[in-house]
Amino acid sequence: MYALIDCNNFYASCERAFRPPLIGKPIVVLSNNDGCVIARSNEAKAHVPMGAVYYQYKQVFKEQNIHVFSSNYPLYGDLSNRVMNVLSSFSPEIEIYSIDEAFMSLSGFERLDLTCYGKAIKEKVKQLTHIPVSIGIAPTKALSKIANKIAKKYDSRTGGVYVLDTAEKRAKALKWTKIEDVWGIGRKFSQKLIKTGVSTAFDFTQLPEEYVKKEFSVVGLRLQKELQGISILKLEQVKTKKAIATTRSFKSNISDIESLNERLTTFACSCAEKLRRQNSFCNMLMIFIHTNGHRKDQAQYSKNIVMHLPYPTHSDITLSRYVTKGLNAIYKKGYAYKKAGVIAMGISPNTEKQINLFENENPKHEVLMKVMDRINSRLGMKKIKLANQNLQKTWIMRQDSLSCRYTTDWNELLKVQ
DNA sequence: TCTGGGGTCCTAGGGCGA
DNA sequence: TCTGTCGCCCTAGGACCC
């Protein structure tokens, strides 16, 4: 059996964890640059759709007394770690699936009353982190997702925990689940399925295998088996990332190549730092620049370039050199750029560095990067930068409604009066 | 004025060497 | 020496997830 533990309206719950008066009040959390709504409390869901554009909904927020927060990732990341730590004490096998979800293996726990065990987990997480969770338990990962949806939807009846442990319950749950709500069936696939008369998860399980394989590849076939109660997807081990990206939309458009180069250099340094943190190198670098696709009245241009590096690296200096080279190749004058990014690819661990016969990195880079990381980590922020980055840090994201970093910054600890 | 960011996996198709 | 086939690798594009 597998359990899926999912934090309820996670970002909104994090904001509430340190501000109890907000319990029961409508809350939304915005994306970077306060662009659009990325999380809503239950109370806000009736008034604001997911992805709503902030400036278009300002009036609604005001009228409905909805509390608005800019996203506060240091806080959410820290609370997520705390939740996962609590969960780890309930099973030796746990897969952290995302910032607010984890799968847990309950094999060997079958003799227990799983509903009671689920409730014990839920209560412990609530007690230690103040984050409410819902728990779905079932024989496969895909079914545990459905069980979780039921637990969340019928919270008062289920107490936030639902176990799908019989064929009857499974059939009933599958008939209740709309095809577009099935984990792994996105917008395109659900449209295609609905056209052929498949409107529920149960209908999907009745389709011929060959048809599913042909139309939805092995991914669809695996999912079908999982929904039929045959466990195919196992818990996954922590893996090193295959790509590391830093991409941003700008608060206002950028047209000149110097400013773009400064931004992209900073993004490259952020990628390099993430690479060093996970002890790996990259040997390919992609950069891209976009104009604002939402502004149909403005001239559009979008281009990316992939560069193969001569040797694996995680040096700020090397990556920034290639960023400049790439930008010179794709930049076109006369456009207002809204978004840009750097993606490090071809990632290999420190232990498997492929050395080039003819050209290798200056060994001083490695030492320098270590010193930079140590100083920056001790000072808590980016004090040491490359010379072609902006030392004044005038590129601040729009975050008009940011809450405190209650758990990760000494200066922002909760004050008790 | 203002519309997020960061990932994974699979398939098709072309190049290329055995 | 030429040709056909097979399989591997790479890339682009498309689907999905949170």
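Got a sec to turn the phi values of segment A:361-369 into Karplus ³J(HN,Hα) couplings, 6.51 cos²θ - 1.76 cosθ + 1.60 with θ = phi - 60°, whole Hz, x for Gly and Pro?
6, 4, x, 5, 4, 4, 5, 4, 4
Just to confirm the number: angle between the C-alpha axis of helix A:73-88 and the first principal axis of chain A, 0 to 90 degrees, nearest 10?
The angle comes out at about 40 degrees.
Sort A:46-53, A:143-150, A:3-10, A:320-327 by packing, meaning the average of other beta carbons within 10 Å per residue, with the highest value first. Could you put the intermediate results ahead of the total?
Numbers: A:46-53: 13.4, A:143-150: 25.8, A:3-10: 23.9, A:320-327: 20.1.
Taking the mean over residues of other Cβ atoms within 10 Å, the ranking is A:143-150, A:3-10, A:320-327, A:46-53.
In 20 Å bins starting at zero, report the fraction of Cα pairs in chain A per bin as a rounded %.
All Cα pairs considered, the percentages come to 21, 50, 28, 1.
From the phi angles alone, apply the Karplus equation (6.51, -1.76, 1.60; θ = phi - 60°) to segment A:405-411 and give each ³J(HN,Hα) in whole Hz, x where the residue is Gly or Pro.
So the J values, rounded to whole Hz, are 8, 4, 10, 10, 9, 4, 6.
Round to the nearest 10 and give me the degree value, 0 to 90, for the angle of helix A:54-63's Cα axis relative to the longest principal axis of chain A.
The angle comes out at about 50 degrees.
How large is the accessible surface per residue of segment A:296-342, computed with a 1.4 Å probe and reported in Å² as a whole number?
Working: 2280 Å² over 47 residues.
Dividing the accessible area of segment A:296-342 by its residue count gives 48 Å².
In whole Hz and in residue order, list the ³J(HN,Hα) couplings for segment A:307-320 that follow from phi through the Karplus curve 6.51 cos²θ - 1.76 cosθ + 1.60, θ = phi - 60°; x for Gly and Pro.
Taking θ as phi minus 60°, the curve returns 10, 8, 8, x, 8, x, 8, 9, 8, 3, 5, 5, 4, 5 Hz for segment A:307-320.
At 1.4 Å probe size, with the rest of the protein present, what percent of the exposed accessible area of segment A:78-133 is carbon and sulfur atoms? Kindly include the intermediate steps, with their values, before the conclusion.
Details: 1500 of 2940 Å².
Solvent-exposed carbon and sulfur of segment A:78-133 make up 51 percent of the total.
Can you give me the long-range amide H partners of A:R398? Hydrogens built in the peptide plane at 1.01 Å from N, cutoff under 5 Å, separation of 5 or more residues or another chain.
The answer is A:N33.
Under Stokes-Einstein, with the Kirkwood radius over Cα pairs standing in for Rh, what whole-number D in µm²/s applies to segment A:94-174 at 37 °C and 0.692 mPa s?
On the way: Rh = 12.9 Å.
Approximately 254 µm²/s, per Stokes-Einstein.
Per residue of chain A, what 222 nm ellipticity follows from adding -39500 (n - 2.57) for every DSSP H run with n ≥ 4, rounded to the nearest 500? If you can, show how the numbers build up before the last one.
Details: 14 runs with 166 residues, N = 417.
Per the formula, -12500 deg cm²/dmol.
Based on the alpha carbon coordinates of segment A:85-243, what radius of gyration and maximum Cα-Cα distance (Dmax) apply, in Å?
Answer for segment A:85-243, Rg first and Dmax second: 16.4, 48 Å.
Using a 1.4 Å probe, what is the accessible area per residue for segment A:11-99, in Å²?
Working: 4250 Å² over 89 residues.
That works out to 48 Å² for each residue.
Sequence-distant or interchain residues sharing an amide H contact under 5 Å with A:S70, placed H: which?
For A:S70, the qualifying residues are A:L30, A:S401, A:L402, A:S403.
Enumerate the amide H contacts of A:N8 below 5 Å, restricted to partners 5 or more residues apart or on another chain; note that Pro and chain-start residues carry no placed amide H.
Close amide H contacts, sequence-distant or interchain: A:V133, A:S134.
Give the share of C-alpha pairs in each 10 angstrom bin for segment A:302-353, from 0 to the last occupied bin, in whole percents, shortest bins first.
Spelled out bin by bin, segment A:302-353 gives 19, 49, 23, 7, 1 percent.
Let's test the formula: R0 of 60 Å, r as the Cβ-Cβ distance of A:E366 and A:K175. What FRET efficiency results, to the nearest 0.05? Present the calculation step by step, with values, prior to reporting the outcome.
Working: r = 59 Å, r/R0 = 0.98.
Calculated transfer efficiency: 0.50.
Just the number, please: carbon plus sulfur as a percent of the accessible area of segment A:149-302, 1.4 Å probe, no ligands or DNA/RNA counted.
Working: 4570 of 8800 Å².
Heavy-atom surface of segment A:149-302 belonging to carbon and sulfur, 1.4 Å probe: 52 percent.
The values are calculated or read from the model by the stated rules, or taken from the named source; none is laboratory data. Bear in mind the structure is a predicted one, so any value in this text is a computation, not a measurement. Don't worry about glycine lacking a Cβ; one is built from the backbone with ideal geometry, like all the others, and counts go over all protein chains shown. Remember, those area values only see protein heavy atoms, side chains included, never the ligands or the DNA or RNA. Shrake-Rupley method; radii C 1.70, N 1.55, O 1.52, S 1.80 Å.
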